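A short worksheet on the structure shown next.
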Amino acid sequence: NRHITTLSAICRRATEIWGVEVGEWKLTKHKQEEPQGREVFLEQDQARELVATIIPHARPILLIELATGLRKANIHDLTWERVSLDLGRIVLIQKGGRPHTATLPPWACQVLALLEPEPARRSGPVFRFGNPAVPCDCAACTSPAKKGQAIASTRRAFATAARNIGVPTLRFHDLRHTFASW
């Protein structure tokens, strides 16, 4: 259907701009039935196994994703300025400048509070390499150059953990489906 839609746009443009005769045909007549969308979500025991299997510095990221269903970019770019543990909320700015509030269950507030126990020090990225509250001895967490930097991606760690639990086609976005199905 993508190719047919492109062809339709080319034909319409050729007629409008260059006056080329393309014959009569209707896009709707040629469109084919689309396959059903891919919808994957985890059962609770699979999610527990995924969290237990992934590298330690990525565990809090998965837990907050499962608690909120936020998009991957929102989770990875999350800063303490957007988190209110007192109110149990994360407030994000969506496209168009609209605010979006994600409610945190009490256990998610506890996970975040453990990441930075001192409220006065809660600024900057929530998820960072070398966090003393997250015992991880991977190369990134032990590297002095990366210590304190935001964790920008968990792609490889996530893919490895998904493969280890027997769901190799699992994508990070599928955790949004998991949140919605739960």
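For the reader, a short list of remarks on this structure follows.
- Relative contact order [Cα under 8 Å, 6+ residues apart], region 49-127, whole percent: 32 percent
- Relative contact order of the chain, defined on C-alpha pairs under 8 angstrom at six or more residues apart (%): 27 percent
- Scanning the chain for trypsin sites (Lys or Arg not before Pro) lying in DSSP loops with no more than 14 further Cβ atoms inside 10 Å, the longest uninterrupted stretch between such sites is 39-146.
- Carbon + sulfur, % of accessible area of the chain - ligands and nucleic acids excluded, 1.4 Å: 53 percent
- Tilt relative to the chain, helix 59-68 - C-alpha long axis, 0 to 90 degrees, to 10: 60 degrees
- Nearest 10 degrees, 0 to 90: helix 44-53 Cα axis against the chain principal axis: 70 degrees
- Computed on region 1-103, the Cα convex hull volume stands at 200 Å³ per residue.
- Size descriptors for region 8-56, from the alpha-carbon set: Rg then Dmax equal 24.2, 64 Å.
- Gap separating the Cα centres of region 131-179 and region 11-80, nearest whole Å: 20 Å
- Percent of alpha-carbon pairs separated by more than 17 Å within region 101-182: 62 percent
- Partner lysines for K72 [C-alpha distance under 30 Å; skip if fewer than 8 residues away on the same chain]: K95, K146, K147
- Share of alpha-carbon pairs per 5 Å distance bin for the chain, given as whole %: 1, 7, 13, 16, 14, 11, 8, 6, 5, 6, 5, 4, 2, 1, 0
- Where the chain is the region considered: accessible area per residue in Å², 1.4 Å probe: 66 Å²
The values are calculated or read from the model by the stated rules, or taken from the named source; none is laboratory data. Only a predicted model underlies this, so the values are computations on that prediction, with no experimental measurement involved. Ideal geometry is used to build each Cβ from the backbone, glycine not excepted, and the neighbour counts take in all protein chains shown. Just so you know, the surface numbers come from the protein's heavy atoms only, side chains and all, with ligands and any DNA or RNA stripped out. Shrake-Rupley method; radii C 1.70, N 1.55, O 1.52, S 1.80 Å.
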